[in-house]
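> Take this structure, written in structure tokens, and hold onto it; I'll ask about it next.
Computed from the coordinates by the stated procedures, all read-outs in this text should not be read as laboratory data. Everything numeric here is computed off the predicted structure, so don't read it as measured data. Cβ sites come from the backbone with ideal geometry, for glycine too, and all protein chains shown count toward neighbours.
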């Protein structure tokens with residue numbers, strides 16, 4: 001039985017749900033920057049999304065990558081986001097979604113997050129750590145503070 005259905009969602013599952021809700025408003029954003037690094041002996045991907053000065057910048061940080069796939073047309077310089085989602089992949093013995101076979105499962109493997117970004121550029125990432133950061137919009141940051 002899926003832990004979410006029994007009312008005992010894990011902390012990581014709640015994090016995935018909250019990230020999915022936060023990123024739902026990013027449709028129409030542009031992929032501003034992507035970087036892939038090795039950090040503390042762990043691979044990491046960072047995706048920055050921008051829409052304009054009146055919108056907050058979003059940074060999606062993923063570590064402990066199990067899968068990374070990027071495809072885009074060669075002439076596509078600016079890639080906008082048509083759809084974006086985060087899905088929780090539970091640890092064994094709980095089943096993964098039907099037909100999901102891009103990552104092999106191993107005993108002792110932790111819960112994972114599946115990030116999918118769809119647009120002219122398509123990104124699919126499976127990782128053990130997911131963080132979504134929201135920065136203040138440029139317009140809001142430039143306003144005079146109130147006391």
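> Counting other beta carbons within 10 Å of each Cβ, put 106, 12, 100 in order, fewest first.
Ordered by Cβ neighbours within 10 Å, fewest first: 106, 100, 12.
> Okay, next question. Taking Cα atoms, how many degrees apart are the long axis of helix 11-23 and the longest axis of the chain, rounded to 10 and kept between 0 and 90?
Computed tilt is about 40 degrees.
> Can you give the FRET efficiency to the nearest 0.05 for residue 27 and residue 104, using r as the Cβ-Cβ distance and R₀ = 30 Å?
Result of the calculation: an efficiency of 0.45.
> Once you've got the GNM for the chain with C-alpha springs shorter than 10 Å, pick whichever of 15, 121, 136 has the biggest mean-square fluctuation.
Result: 136 has the largest fluctuation of those listed.
> Run the quick spin-label model on residue 131 and residue 80: label points 7 Å from Cα toward the beta carbon, then report their separation in nm to one decimal.
3.1 nm
> Tell me, in nm to one decimal, what length is gained between residue 138 and residue 37 on full extension, where the rule is 0.36 nm per residue of separation less the Cα-Cα distance?
33.6 nm
> Taking log10 I(q)/I(0) by the Debye sum over Cα atoms at q = 0.09, 0.10, 0.18, 0.20 Å⁻¹ straight from the coordinates, which label in (i) -0.23, -0.28, -1.00, -1.28; (ii) -0.35, -0.43, -0.97, -1.07; (iii) -0.32, -0.39, -1.10, -1.27 is the correct one?
So the structure-derived entry is (iii).
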